[in-house]
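Asks: Below are the structure tokens for one structure; questions will follow.
No lab work stands behind these numbers, since they all come straight from the coordinates. Computed from a predicted model, the values in this text were never measured in an experiment. All Cβ positions, even for glycine, are placed from backbone atoms using ideal geometry, and neighbour counts span all protein chains on display.
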Amino acid sequence: MEKLKIIGGKRLEGRVAVSGAKNAALPILFATLLSQAKSRIENIPALADIQTTLKVLSALGLRANFNEDNHFIEVDGEPLHSIEAPYDLVRTMRASVLVLGPLLARRGEAKVSLPGGCAIGARPVDFHLSALEALGAHFIIESGYIHGTAPKGLKGNRMKLPFPSVGATENALMAATLAEGTSIIENAAREPEIIDLAKALRSMGAEIKGEGQSEIIIAGGSSLKGMNHSVAPDRVEAATFLCSGLITEGSVETLGISPDFLTSALDELQLMGAKIERFSNSIRASFQDPLSPISLETAPFPGFPTDMQAQFMALATQARGQSVIRESIFENRFMHVPELCRLGAKIKIQGNVARVDGPSPLTGATVMATDLRASASLIIAGLAAKGETNVRRIYHLDRGYEQIEKKLQNLGASITREFDK
């Protein structure tokens, strides 16, 4: 097992290229299930979750070739000889539930392991099912699998989501492209990743209007051609690098991403006192003393993203005063707090609210990553900590960040990947 060793106290400065977005690439890859033709997707990040997705597509019968050096994938939509995504492949990746919509639309049947051991009701997987049921699908849950059927095919209908779930919107959007007639998704998620999926589907010939708004209209069709699309940049990765520069009192510019992808995050950084420079295709954040505390609440787009909460909490440890962070999306998104406290952070949790007192002098220690974004928060804190920090269980990190240690090295960080004995 590997770890990251960080010697803190190095000021980060320079430019860093932002990779393609994992959260956009995964649904776009699953959307290739909708067509029998060949597809080409560019700007694909080399991540563990991408490899898992390709294994799922392969298990279903599709042939996919990943050119990691040039960051593109070619997928042949034939043959599709299976409708089952098995547990061994999907147990580590919640996004695997996104095969439901495309398989039901194309084959009228899908069998998918409950992703990550997720129990229906505890997570919004039921939002996916209710949306697809509105199109005529039927589901049974047994032996840890979701088994869906649509023997008469999917029929266009109105789908009203009880919460603007990104995954449920993506599943409904993909399924509706092959449904008979017009479908409308109400209370749809508005995230940039939804917009990117709609663009990818439109390259296949799908008729979609309203992506990025709370109502999306899809005119279903009998078939789709192959996809030709380039994945949007990763806004979460960009925010991670901006926070990394600021916590080291440095200045970092993220390349290849529009400020429009990060409006709420950039607004918070400005409120903290950082100097934010917005360019057409890049963002620069520069430290200005002192950093002020923040008060934020995670929310669906255009609100503050839950995937950036942990990184901003790490940065808040160096603000002068008490920051208040409310997590309203996921119930277990504060698992990084005990590990940040091991580094010297002063954080108290009351329900879904974390209060961060700063500035706290951070000291290197061995810490354990509990999930993907928690991993990033520990790296950010380690960059500012005095001495050596070792971040263990970085397989979480490799699910969503492409060669993060090399990118940070190029900015001046002392960070190396080592074997963890």
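Asks: Ranked by Cβ crowding within 10 angstrom, fewest neighbours first, how are Lys275, Lys22 ordered? Walk me through the intermediate numbers first.
Replies: Numbers: Lys275 13, Lys22 26.
So the ranking, lowest neighbour count to highest, is Lys275, Lys22.
Asks: Taking the Cα centre of the chain as origin, sum charge times position over the Cβ atoms of Lys and Arg (+1) and Asp and Glu (-1), and report the length of that vector in debye to the nearest 20. The partial results should precede the final answer.
Replies: Numbers: 45 positive and 46 negative charges, 90 e Å.
Using only the charged Cβ atoms, the result is roughly 440 debye.
Asks: At what distance in angstrom do the alpha carbon centres of segment 58-96 and segment 275-291 lie from each other?
Replies: With segment 58-96 and segment 275-291 each reduced to a Cα centre, they are spaced 39 Å.
Asks: Still on this model: Just rank His138, His147, fewest to most, by other beta-carbon atoms within 10 angstrom. Each step should come with its number before you reach the end.
Replies: Working: His138 13, His147 16.
Listed from fewest to most nearby Cβ atoms, that is His138, His147.
Asks: Let me ask another. Net charge near Ser292, counting Lys/Arg +1 and Asp/Glu -1 over other residues with Cβ under 14 Å of its Cβ? Write out the running numbers ahead of the final one.
Replies: Details: positive: Lys275, Arg320; negative: Asp267, Glu268, Asp289, Asp357.
With Lys, Arg at +1 and Asp, Glu at -1, the neighbours total -2.
Asks: Holding the Cα-Cα limit at 20 Å, pick out from Lys5/Lys406; Lys3/Lys406; Lys22/Lys421; Lys22/Lys275; Lys22/Lys406; Lys10/Lys348 the pairs that are longer than that. Intermediate results must be reported in sequence, preceding the final value.
Replies: On the way: Lys5/Lys406 13 Å; Lys3/Lys406 14 Å; Lys22/Lys421 30 Å; Lys22/Lys275 28 Å; Lys22/Lys406 18 Å; Lys10/Lys348 28 Å.
Listed pairs above 20 Å: Lys22/Lys421; Lys22/Lys275; Lys10/Lys348.
Asks: Counting only helical runs of four or more DSSP H residues, what would the 222 nm mean residue ellipticity of the chain come to if each run contributes -39,500 (n - 2.57) and the total is spread over all its residues?
Replies: Values: 13 runs with 124 residues, N = 421.
Helix-only estimate at 222 nm: -8500 deg cm²/dmol.
Asks: Mind ordering 276-283, 128-135, 148-155 by average Cβ neighbours within 10 Å, highest first? Working shown, then result.
Replies: Values: 276-283: 15.0, 128-135: 23.4, 148-155: 17.0.
Most protected by this proxy first, the peptides run 128-135, 148-155, 276-283.
Asks: How large is the charge dipole for segment 195-349, taken about the Cα centre, if only the Cβ atoms of Lys, Arg (+1) and Asp, Glu (-1) carry charge, to the nearest 20 debye? Please report the intermediate quantities before stating the final value.
Replies: Working: 14 positive and 18 negative charges, 23 e Å.
Charge dipole, segment 195-349, about its Cα centre: 100 debye, nearest 20.
Asks: Could I ask something else about it? Can you give me the Cα centroid spacing of segment 325-349 and segment 136-161 in angstrom?
Replies: Each part reduced to its Cα centre gives a spacing of 37 Å.
Asks: Relative to the present Cα-Cα distance, how much length would full extension add between Arg355 and Asn332 at 0.36 nm per residue of separation? Walk me through the numbers on the way to the answer.
Replies: Details: separation 23, 0.36 × 23 = 8.28 nm, distance 1.60 nm.
So the chain would gain 6.7 nm between Arg355 and Asn332.
Asks: Going by alpha carbons, how many degrees (0 to 90, nearest 10) lie between the helix axis of 235-247 and the longest principal axis of the chain?
Replies: Around 0 degrees separate the two axes.
Asks: Translational diffusion coefficient of segment 180-225 at 20 °C, 1.002 mPa s, Stokes-Einstein with Kirkwood Rh over Cα pairs, in µm²/s as a whole number. Please list the in-between numbers first.
Replies: Working: Rh = 10.7 Å.
It comes out at roughly 200 µm²/s.
Asks: Expressed as a whole percent, how much of the Cα-Cα distance distribution for segment 298-421 exceeds 26 Å?
Replies: Values: 1339 of 7626 pairs.
Every Cα pair in segment 298-421 considered, those over 26 Å come to 18 percent.
Asks: Using the per-residue mean of other Cβ atoms lying within 10 Å as a proxy for protection, in what order, highest first, do the peptides 86-97, 64-75, 31-42 fall?
Replies: Numbers: 86-97: 19.1, 64-75: 15.4, 31-42: 21.8.
Ranking, from highest mean packing down: 31-42, 86-97, 64-75.
Asks: When the convex hull of the Cα atoms of segment 22-230 is projected onto a plane and the area is averaged over all directions, what value comes out in nm²?
Replies: Details: hull surface 38.2 nm².
Its Cα hull, projected and averaged over all orientations, spans 9.6 nm².
Asks: Match the structure shown to one of the listed values (1) 12; (2) 33; (3) 9 of percent of Cα pairs over 43 Å apart, computed from it, and give that label.
Replies: Of the listed options (1) 12; (2) 33; (3) 9, (1) comes from this structure.
Asks: In which sequence would Val112, Val166 go, from the one with the fewest C-beta neighbours within 10 Å to the one with the most? Walk me through the numbers before you get to the answer.
Replies: Numbers: Val112 24, Val166 20.
The most exposed by this proxy come first: Val166, Val112.
Asks: On to the next question. Projected onto the charge dipole of the chain (+1 at Lys/Arg Cβ, -1 at Asp/Glu Cβ, origin at the Cα centre), which of Ser377, His71, Leu104 gives the Cα projection farthest towards the positive end?
Replies: Ser377
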